[in-house]
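Report on one structure; see the data block that follows.
The values are calculated or read from the model by the stated rules, or taken from the named source; none is laboratory data. Everything numeric in this text was worked out from a predicted model, so none of it was measured. All Cβ positions, glycine included, derive from the backbone under ideal geometry; neighbour counts span all protein chains shown.
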Amino acid sequence: MSDPNTADFEPLDGGEDQQARNAVREVIAFYNARVLEERRAQLPDGERIEQLKAARQAAIDDQTRLETARPGDAARIAADYAARLKGLTNQS
């Protein structure tokens with residue numbers, strides 16, 4: 001039986017938590033750079049900017065979710081974002 005005064009999650013250890021945070025942070029930085037690049041283009045593509053901003057916001061939301069993530073969830077997020085960053089950088 002769980003104690004109602006205790007949180008449903010366990011704090012993350014430094015390893016998984018930090019890996020997840022780093023991976024998400026790098027993806028956010030990627031989107032920030034692409035938004036800036038698109039805005040500075042000769043003919044900025046407003047639709048593309050909105051897509052990039054939406055993807056960046058989703059990453060920011062995941063970064064916020066890491067505050068209460070369980071250790072296994074943090075490992076999954078880290079792996080997902082590492083793969084996403086690899087895919088994004090291979091497209092560029």
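Counting only residues that are assigned to a helix (DSSP H, G or I) and exposed (fewer than 14 other Cβ atoms within 10 Å of the Cβ), how many does segment 80-92 have? Explain how you work it out, then say what you get.
Residues of segment 80-92 that are assigned to a helix (DSSP H, G or I), as a first pass: 80-91.
Filter once more, keeping what is exposed (fewer than 14 other Cβ atoms within 10 Å of the Cβ): 83, 86-87, 89-91.
Looking only at that region, the number is 6.
Under the condition of being loosely packed, with under 12 Cβ neighbours inside 10 Å and within 30 Å of residue 72 (Cβ to Cβ), which residue from segment 12-50 is modelled with the lowest pLDDT? The qualifying residue modelled with the lowest pLDDT is 13.
Of the residues making up segment 53-77, those that are more than 11 Å from residue 27 (Cα to Cα), part of a helix (DSSP H, G or I) and of a type in the set (A, V, I, L, M) are 54, 66, 74, 75, 77.
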